[in-house]
1. Sort the following peptides by mean Cβ neighbour count (other Cβ atoms within 10 Å, averaged over residues), highest first: 17-27, 212-222.
2. If the viscosity is 0.890 mPa s and the temperature 25 °C, what translational diffusion coefficient in µm²/s does Stokes-Einstein give for the chain when Rh comes from Kirkwood over Cα pairs?
3. Please work out whether segment 108-229 counts as rounded, prolate or oblate from its C-alpha gyration tensor, where a ≥ b ≥ c are the square roots of the eigenvalues and a/c under 1.5 means rounded, while otherwise a/b larger than b/c means prolate and anything else oblate?
4. For segment 25-350, compute the number of Lys pairs whose alpha carbons are separated by less than 20 Å, excluding pairs fewer than 8 positions apart on the same chain.
5. Let me see the P(r) profile for segment 258-351: every Cα-Cα distance counted, bins of 5 Å, each bin given as a percent of all pairs.
6. Could you sort 235-248, 138-151 so that the peptide with the highest average Cβ count within 10 Å comes first and the rest follow in order?
7. With a 1.4 Å probe and all protein chains left in place, how much accessible area per residue does the chain have, in Å²?
8. For the chain, what is the mean residue ellipticity at 222 nm derived from helices alone (per DSSP H run of n ≥ 4: -39500 (n - 2.57); sum divided by total residues; nearest 500 deg cm²/dmol)?
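The values are calculated or read from the model by the stated rules, or taken from the named source; none is laboratory data. Bear in mind the structure is a predicted one, so any value in this text is a computation, not a measurement. Quick reminder, even Gly has a Cβ in these numbers, built from the backbone with ideal geometry, and neighbours come from all protein chains shown. Remember, those area values only see protein heavy atoms, side chains included, never the ligands or the DNA or RNA. Shrake-Rupley method; radii C 1.70, N 1.55, O 1.52, S 1.80 Å.
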Amino acid sequence: MFVPSLWVVSAAIVERGVMEGFIRGLPKVELHLHIEGTLEPEMMFEMAGRNGVTLPFADVDEVRAAYQFSDLQSFLDIYYQGAEVLQTERDFHDLMWAYLSRMAGENLRHAEIFFDPQTHLGRGIGFETFMGGFATAQQNARERLGITTKLIMCFLRHLDGAEAVATIRAAMPFKGAIAAVGLDSGERGNPPERFADAFAMAREAGLRAVAHAGEEGPPAYITGALDVLGAERIDHGVACEQDEALLDRLVASRIPLTMCPLSNVKLRVFDVMEDHNLKRLLDRGVAVTVNSDDPAYFGGYLTDNYLAIQRALDLSRDDLVALARNGIEATFLDDPSKAVLLADLAAYAAG
Ligand code: HPA
Ligand code: ZN
């Protein structure tokens, strides 16, 4: 039996620490982050207390113990329940500020952040409440942390197309604060085509478009999101590997995939991280990026996602820099802002 010497074990520990430091300091962007998915159990209890909401959990440990998921739907059930504690403008501010101030410690430079208006409108909480809370936190992040942000408004795909149309109509007074629309929630049996009208209205209003596709659903949902919704990025997209023509198209067009490694293992898209297809897609020339999805539920923020995939797939520093660069290039920032971030990344990689 091979027994590693103390020296070999120590060297491995040092190497892990060095890699973690390198990833933590990488100038990073995040493009696939649901703000409702950053609700940590401690904050959930605090908001439940001040808003008079009764939670079906005795304490924070019981909440964490409930985060064992068998698929996307088993997560969504608990995620929508958790979001019910969010009620006031202050709640939405605190949620956004907690995420952004935490991420300053991971050298996050820019984030394009999803929110789910229908989850809140359905409870009688209006756009002015959540948009007001977000805006204050976003401004503070820009001024105090040097982190820029954009908002992406998602339609819930388990609801029908007419409700998405009503949501984009209701969002129009706030469209100046919204960069793009997206599509999330339960994917299976909910193809993108049903949301063609809502996406067309959003694009006519000058908004950009992204969509979750090929997380649990087939590659045809990716093609549909591109062709019918005009999606400029695909969120997840792991299923693209099942369709050679689609793969060729993604490589040629450099349509980015916003991948979320810890999410994919937690929701059993892959049994283990070692099975993840991120590295194969990167090597094939797909514009893959790394993101955290719902970090409070999936066991890690952005640095944790980079680290988990680096360790499982033995990614090199060049791979990590390429992933960070893909992220910057995939943002909806203007070219001068991208150039600043790309120059910072190049300087970091060289140093
Ligand atoms: N997929 C679909 N809907 C979601 C997700 C996700 O990963 N996270 C939050 N809503
Ligand atoms: Zn997501």
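1. With the highest mean Cβ count within 10 Å placed first, the list reads 212-222, 17-27.
2. Details: Rh = 20.7 Å.
Diffusion coefficient, whole number: 119 µm²/s.
3. Verdict is prolate for segment 108-229.
4. 6
5. Pairs per bin, as whole percents: 2, 14, 22, 24, 19, 12, 5, 1, 0.
6. 235-248, 138-151
7. On a per-residue basis, the chain sits at 40 Å².
8. Numbers: 17 runs with 182 residues, N = 351.
Per the formula, -15500 deg cm²/dmol.
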